[in-house]
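Visitor: Structure incoming, see below.
No lab work stands behind these numbers, since they all come straight from the coordinates. Remember, predicted model here, so these are calculated numbers, not experimental data. Virtual Cβ from ideal backbone geometry, glycine too; neighbours counted across all protein chains shown.
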Amino acid sequence: MPPKAPSPSRTTAAFLRDAVGNFETRLDRACEAVPEAEGVHALRVACRRLRSLLSLFRDYLPAEASVVRERLRELAASFSAVRDLDVLLVHLGDWRTESGKQDATAMKPIVARLAGRRVDLLRPAMAALEAWRSSPERQQLRALTQPGAKWPASSRRKIDTVAPLLLEAAHGKFRKSLDRARRRGTLERYHKLRISGKKLRYALQALTGHYGKPAKPAVKALMAIQDGFGEYLDASRAADVLTEVALGDDWKSVTRHACMRFIAGCRDRALAELEAMPALLEKLDEKRWAAVLDSLTRRKGEAN
């Protein structure tokens, strides 16, 4: 469930206690589902959403929130390689289903090797998870959901006044990244656009009580860009990992050839996703933001 809809009378601290508590619950549930692939994915998403919230409201939170944010980054990073491998194994499963019995059989040793690698990668990741569960930062995160935390004076401002300012700032950073990507589409610029778009989407979703319905078209467009470039990254990483595996052992020729065909398919998919990016950028028309921006203006006027 999304955070409670903020009302004009609620302080920013009250809103944040509910929002942090909501995302903390999601993270706890994800931790219980690890080491399954869906649990790993949910853990990384929960960490990103919490970090985004703590970053967005950093001027309205207790000082220890910055330490918690950094620890969440480390926790998510510890499962990054596991998640990449999970995505690759899903792609391999889909491809083997479509490729026919001969190629599916030929790829079995590759899949077994990757499954073994996942077991090895999980050891340090699970150690990091256990360290998180007993860490001071875990307790500090929980303290942020309680009224007794030492909140700064800025947190006493009304959320209805603070929210538009934060969303405008997030939107401004996204617009700069978008303009740069439109002028010259490079991998680096697409990557930065994806990150700034994700932060803006998380901000919109965290402030759903203000911008929920009007923001839906904008959120949908943001997700299309993130998914498109994400597919490019997944396909590129899959090709790189499989190239390393295929060249790193004395596989039978039938297995090596099947693997090389899959690598070629990954490269083709990555190129197709990259070529589709300019069209996705054009879908981010300012008309999609009209309702949100009108709401921002109206709320700022009411606040003044």
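Visitor: Write down, largest first, the equivalent ellipsoid semi-axes of the chain in whole Å, where each equals the square root of 5 times an eigenvalue of the alpha-carbon gyration tensor.
Guide: Three semi-axes, in Å: 40, 25, 13.
Visitor: Something else: Can you compute the modelled spin-label distance between residue 123 and residue 73, with each label point 7 Å from Cα toward Cβ, in nm?
Guide: 2.8
Visitor: Follow-up. Give me the Å³ per residue figure for the convex hull around the C-alpha atoms of region 104-254.
Guide: Working: hull volume 28.8 nm³, N = 151.
Convex hull volume per residue, Cα atoms: 191 Å³.
Visitor: Of 14, 67, 55, which is farthest towards the positive pole of region 11-145's charge dipole, taken about the Cα centre with +1 and -1 on the beta-carbons of Lys, Arg and Asp, Glu respectively?
Guide: 67
Visitor: What is the spread of the Cα atoms of region 11-145 along each of their three principal axes, largest first, in whole Å?
Guide: Computed over region 11-145, the largest-to-smallest principal extents equal 63, 26, 21 Å.
Visitor: Do the alpha carbons of any pairs in 176/198; 158/220; 176/199 sit beyond 22 Å of each other, and which pairs? Can you show the working numbers first?
Guide: On the way: 176/198 14 Å; 158/220 29 Å; 176/199 14 Å.
Beyond 22 Å between Cα atoms: 158/220.
Visitor: Moving on to the next point. If you take the beta carbon distance between residue 108 and residue 271 as r and set R0 to 25 Å, what does 1/(1 + (r/R0)^6) give as a FRET efficiency, to the nearest 0.05? Show your work: numbers first, answer last.
Guide: Working: r = 28 Å, r/R0 = 1.12.
Efficiency, from the Cβ-Cβ distance: 0.35.
Visitor: Using the Cα centre of the chain as the reference point, and only Cβ charges (+1 on K/R, -1 on D/E), how large is the resulting charge dipole? Debye, rounded to the nearest 20.
Guide: Numbers: 56 positive and 37 negative charges, 220 e Å.
Charge dipole, the chain, about its Cα centre: 1060 debye, nearest 20.
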